[in-house]
Amino acid sequence: MEDEERLCISSCCSDWMSEMPSGFWDIPLWNLAIPGSHDTMTYCLDERSSVLKSSPSLLQVLDTWFPCIVRPCIIKWATTQEDSISNQLDLGIRFLDLRIAHKIKDPDKVFYFAHGIYSLLTVKEVLTEVARWLDQHTKEVVIIALSAFDGMNLDQHRDLIQFLISTFDNKICPNHIIPSLLQCWNHNYQVILSYDDSSASEYEELWPQCEYWWANTSDPKHVISYLEERKTEGRPGHFFAAGLNLTEDAKYVLSHPCQSLQSMTLSSYSLLLNWVKQQRPGPGKSCVNIICADFVGAFSNEFTQLVIGLNQTLLKKRLDL
């Protein structure tokens, strides 16, 4: 029995949910350990675009006068991922952190992603790619968290929501369901859409904001202590994410001119992954659910494999009963 139910973790995690032993099938997805990517779309930031209109006024002025200096610097510190969205899904990522924005002079229904500056790819291009990926992996379930919505008005929210519903259609899991793998498979649900804006409240296709634990520090030890503190307060009842991402400030950037977010992150990866190894999913007060990281494909996809492997503890608990 124990051998048959053992969770298999390999370097290829493109179909890890469909390969889960039957002991996991009826567990709510918010009680599983799920790997996620922080700021999923920053692999395609556009160096030719201006900074966001919500950026500090000083940064906007500097961008106007010195774009050839400002924009490369922003990209160096705003790029959190290297892999395309399809590659991230192939790596086993099942939580996508999408920060949405609209450019003031663009058509009303054209939306981009943003982190300091705008992305090259549009929301339509990327989410169409995700829908195609899901067509090829019919038993995988992806949580898509949309937030920020820089420069968007209510009509644009409605346009975006209609696009989401038409793109994912019957794949969308409604917000009144308790989603387990078996529940999703029985109804062909593959997408859980979290929409962090009040305009989503009238749609059963949209889930509320997915709480994200963010330490806002460049020190990995402080990230870990922050996450441990949050765990003592108790986990939310539904989906939530613990962010391993480091965050620089202006002082750090100026004092480390030869670094980038990637070099800062990868130098701390082993410490952050050691914290991951100690975590447990489940409904308990100190349990985790989604764990998000930057540069998720680093070190031969170690992060994703570790997070998926945490689910083995759930199986052991059931076998012990």
**Item:** Nearest 10 degrees, 0 to 90: helix 298-309 Cα axis against the chain principal axis
**Value:** 40 degrees
**Prompt:** For the stretch 196-308, what size does the Cα cloud have along each of its three principal axes, sorted from largest down, in whole Å?
**Reply:** 48, 33, 28
**Message:** Output the 0 to 90 degree angle, nearest 10, between the alpha-carbon long axis of helix 123-136 and the longest principal axis computed from the alpha carbons of the chain.
**Reply:** 20 degrees
**Request:** Convert each backbone phi in the stretch 72-81 into a coupling constant with the Karplus relation 6.51 cos²θ - 1.76 cosθ + 1.60 (shift: θ = phi - 60°), then list the ³J(HN,Hα) values in order as whole Hz, x for Gly and Pro.
**Result:** x, 5, 4, 4, 4, 9, 9, 7, 10, 9
**Message:** Helix-only mean residue ellipticity at 222 nm, the chain, DSSP H runs n ≥ 4 weighted -39,500 (n - 2.57), per residue, nearest 500. What is it?
**Reply:** -11000 deg cm²/dmol
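Which of the peptides 145-152, 279-286 is most tightly packed, and how do the rest follow, judged by the mean count of other Cβ atoms within 10 Å per residue? Numbers along the way, then the final one.
Working: 145-152: 20.1, 279-286: 15.6.
Going by the mean number of other Cβ atoms within 10 Å, highest first, we get 145-152, 279-286.
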**Alpha-carbon gyration tensor eigenvalues x 5, square-rooted, for the stretch 180-220, Å** = 28, 18, 6
**Request:** State the percentage of accessible surface on the stretch 22-320 attributable to carbon and sulfur atoms; use a 1.4 Å probe and exclude ligands, DNA and RNA.
**Result:** 52 percent
**Message:** On C-alpha positions alone, give me the angle between the axis of helix 154-168 and the longest principal axis of the chain, in degrees, nearest 10.
**Reply:** 40 degrees
**Message:** If Rh is defined by the Kirkwood formula over all Cα pairs and Rg also comes from Cα, what ratio Rg/Rh do you get for the stretch 22-320?
**Reply:** 0.96
**Message:** Skipping prolines and chain starts, which residues have an amide H placed within reach, meaning under 5 Å, of the one on residue 45, given they are 5 or more residues away or on another chain?
**Reply:** 120
**Prompt:** Long-range amide H contacts for residue 288: which residues qualify at under 5 Å (H placed 1.01 Å from N, peptide plane, sequence gap of 5 or more or a different chain)?
**Reply:** 280, 282
**Message:** With a 1.4 Å probe and all protein chains left in place, how much accessible area per residue does the chain have, in Å²?
**Reply:** 45 Å²
**Request:** Could you let me know the centre-to-centre spacing of the stretch 35-108 and the stretch 178-237, using Cα atoms, in angstrom?
**Result:** 22 Å
**Complete:** Taking every alpha carbon pair in the stretch 158-242 and sorting the distances into 10 angstrom bins from 0 up to the bin holding the longest one, the percent per bin comes out as 15, 36, 27, 19, 2
**Request:** Mind scanning 76/251; 171/316; 53/251; 53/124; 76/124 and naming the pairs with a C-alpha gap bigger than 20 Å?
**Result:** 171/316; 53/251; 53/124; 76/124
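The values are calculated or read from the model by the stated rules, or taken from the named source; none is laboratory data. Just so it is clear, the model here is predicted, and its values are computed rather than measured. With ideal geometry, Cβ positions are generated from the backbone for all residues, glycine too; neighbour counts draw on all protein chains shown. Surface accessibility is based on the protein's heavy atoms, side chains included, excluding ligands, DNA and RNA. Shrake-Rupley method; radii C 1.70, N 1.55, O 1.52, S 1.80 Å.
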